[in-house]
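First up is the structure itself, then whatever we jot down about it.
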Amino acid sequence: MKLELEPTVEDQRIAWLAAAAVSIHILEALLPSPMPGLKPGFANIITICVLCLYGWSTAAWVSLLRVLVGSLLLGTFLSPTFMLSLSGALASLLILWPMTRLPGRGFGPVGYSVAAALAHISGQFVLAWAWFVPHAGIWKLFPVLLSFAVLLGLLNGIITHKVVKHLHG
């Protein structure tokens, strides 16, 4: 008996969007970083667009596939870099889940983006402190990176808002 799986439209959408996010993720890895942990997070624009257009579960698939496939292509799978990236993605998804379920109009792309950026860096810091650098000195970097997370979250949120507005016509 031959088992054939037919991809659904949703499967294809997730694959295309994850491929776009992975491409941006890889391009970002090529950019020089002025300090450890500081990246623009442009791949997260895809995730927040997906969240606004298709919902949390599709955004979760795209985000987690970006981390997994990106790490495989960059050769960082199961490395500290992968673990930090995964912890940031999971923290972002964990904060976005309840945000998408609040009554009323809820949050827009900018609110989602800033919250995700703050959760991302917070998740990374908790893991870095607990697992890699269990020293209180690491927390001296936290306010600086948190400030950058707000700024980059705002920038990415504004870009996402424009993309979502364009796609909705």
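The values are calculated or read from the model by the stated rules, or taken from the named source; none is laboratory data. Being a predicted model, the structure only gives us computed values, none of them experimental. Here the Cβ is made from the backbone with ideal geometry for all residues, glycine too, and neighbour counts use every protein chain on show. What goes into the accessible areas is simple: the full protein's heavy atoms, side chains included, and nothing from ligands, DNA or RNA. Shrake-Rupley method; radii C 1.70, N 1.55, O 1.52, S 1.80 Å.
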Among the residues of region 92-109, write down those that are out of contact with any His (no Cβ under 6 Å at 6 or more places or on another chain) and assigned to a helix (DSSP H, G or I). Leu93, Leu94, Ile95, Leu96, Trp97, Pro98, Met99
In region 142-169, what residues are surrounded by 12 or more Cβ atoms within 10 Å (Cβ to Cβ), over 14 Å from Phe42 (Cα atoms) and among the aliphatic types (A, V, I, L, M)? Val144, Leu145, Leu146, Val164
Please go through region 50-72 and give me each residue that is in contact (Cβ under 8 Å) with a residue 40 or more places away in the chain and among the small types (Gly, Ala, Ser), ordered by number. Gly55, Ser63, Gly70
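Within region 133-141, does at least one residue satisfy the condition of being open to solvent by 50 Å² or more (accessible area, probe 1.4 Å) and touching a residue at least 40 places away in the same chain (Cβ under 8 Å)? Before the answer, list the steps.
First pass over region 133-141, keeping only residues open to solvent by 50 Å² or more (accessible area, probe 1.4 Å): 133-136, 139-141.
From what's left, touching a residue at least 40 places away in the same chain (Cβ under 8 Å): 141.
For region 133-141, residues open to solvent by 50 Å² or more (accessible area, probe 1.4 Å) and touching a residue at least 40 places away in the same chain (Cβ under 8 Å): present.
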Within region 33-47, take every residue that is open to solvent by less than 50 Å² (accessible area, probe 1.4 Å) and over 20 Å from Ala59 (Cα atoms) and give me the one that is modelled with the lowest pLDDT. Met35
